[in-house]
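Can you read through this structure? Questions will come right after.
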Amino acid sequence: MSQVYVVDAGVLFTTWTMKVANATVVTTSNIMVEVRNRPSQLRTEILLVLDRMRVVNPEEAHIQQTSEAASLSGDRSVLSDTDIELIALALMLKDEGENVTLVSTDFAVLNTASHLDITFIDPSGKFKQEMTWTMRCPGCHYKSKTPTRDTECPVCGTIMWRTPLKRRKKS
């Protein structure tokens, strides 16, 4: 079984895919739309022509499962629908028995993947710990366990900020 790398647009903007010669690269159609600059488009087209890249969209059940995990980790408010699809694709391929690794430089994507026990690579090497987020009021310091963006504090009405609730070193 060959290694399958599920990649986001940020990875396709770099030459990272050229470093994994024997692997298959997989992404979603919405990620492909984000690849707009000419050098990245050319590298992506070469991968497609060489049959080293597939474009696959995840099943709705995996999108739902990923969205729920992102809500529990506190990342849902900062993840786009495309990010959710990308993580869901990795989860779907993992569930199908593929040897999958998600490759992204987006901390929220990596954090949610970590919560779902999806193997991942951060090419930047900056992602060091899994986080669970909460919302905290900068005025009265009230904490909410339901992290959503632009939430007003129920105590004082100030817009709450996203802040770490729990940290765990990534394994």
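Yes or no: the range 122-138 includes at least one residue that is among the hydroxyl-bearing types (Ser, Thr, Tyr), in contact with a strand residue (DSSP E or B) (Cβ under 9 Å, 6 or more places away or on another chain), at pLDDT below 95 and not in a helix (DSSP H, G or I).
yes
Condition first: surrounded by 22 or more Cβ atoms within 10 Å (Cβ to Cβ) and of a type in the set (Ser, Thr, Tyr). Can you find one or more residues in the range 80-89 that meet it?
No, because not a single residue in the range 80-89 is surrounded by 22 or more Cβ atoms within 10 Å (Cβ to Cβ) and of a type in the set (Ser, Thr, Tyr).
Say we look at the range 68-79 and pick out the residues that are of a type in the set (Gly, Ala, Ser) and surrounded by fewer than 18 Cβ atoms within 10 Å (Cβ to Cβ); which of these is modelled with the lowest pLDDT?
Step by step, filter the range 68-79, then rank; the result is Ser77.
Output the residue which, of all residues in the range 1-42 that are part of a helix (DSSP H, G or I), touching a Leu at 6+ places or on another chain (Cβ under 7 Å) and modelled with pLDDT of 90 or more, is farthest from Glu96 (Cα to Cα).
Out of the qualifying residues, it is Ser40.
To continue, here is another question. For the range 85-121, enumerate the residues that are at pLDDT 90 or above, within 15 Å of Ala9 (Cα to Cα) and in a loop (DSSP other than H, G, I, E, B).
Ser104
Among the residues of the range 42-60 satisfying the criterion of being closer than 25 Å to Ile87 by Cβ and β-branched (Val, Ile, Thr), which is surrounded by the most Cβ atoms within 10 Å (Cβ to Cβ)?
Ranking the qualifying residues of the range 42-60, first place goes to Thr44.
Quick one: which of Thr82, Thr148 is at pLDDT 95 or above and either closer than 18 Å to Val6 by Cβ or not in a helix (DSSP H, G or I) (or both)?
That would be Thr82, the only listed residue that is at pLDDT 95 or above and either closer than 18 Å to Val6 by Cβ or not in a helix (DSSP H, G or I) (or both).
Among the residues of the range 65-79, which ones are under 20 Å from Ser29 (Cα atoms) and part of a helix (DSSP H, G or I)?
Result: Gln65, Thr66, Ser67.
Hey, does the range 50-66 have a residue that's in contact (Cβ under 8 Å) with a residue 40 or more places away in the chain and either in contact with a helix residue (DSSP H, G or I) (Cβ under 6 Å, 6 or more places away or on another chain) or not assigned by TED's automatic domain parsing to the domain that holds Ile84 (or both)?
Checked against the condition, which is being in contact (Cβ under 8 Å) with a residue 40 or more places away in the chain and either in contact with a helix residue (DSSP H, G or I) (Cβ under 6 Å, 6 or more places away or on another chain) or not assigned by TED's automatic domain parsing to the domain that holds Ile84 (or both), the range 50-66 yields at least one hit.
All but one of (1) farther than 29 Å from Thr134 by Cβ; (2) in contact with a Lys or Arg (Cβ under 8 Å, 6 or more places away or on another chain) hold for Ser67, so report the exception by its number.
(1)
The values are calculated or read from the model by the stated rules, or taken from the named source; none is laboratory data. Just so we're clear, the structure is a prediction, and the values are computed from it rather than from any experiment. Every residue, glycine as well, gets a Cβ built from its backbone with ideal geometry; the counts of neighbours run over all protein chains shown.
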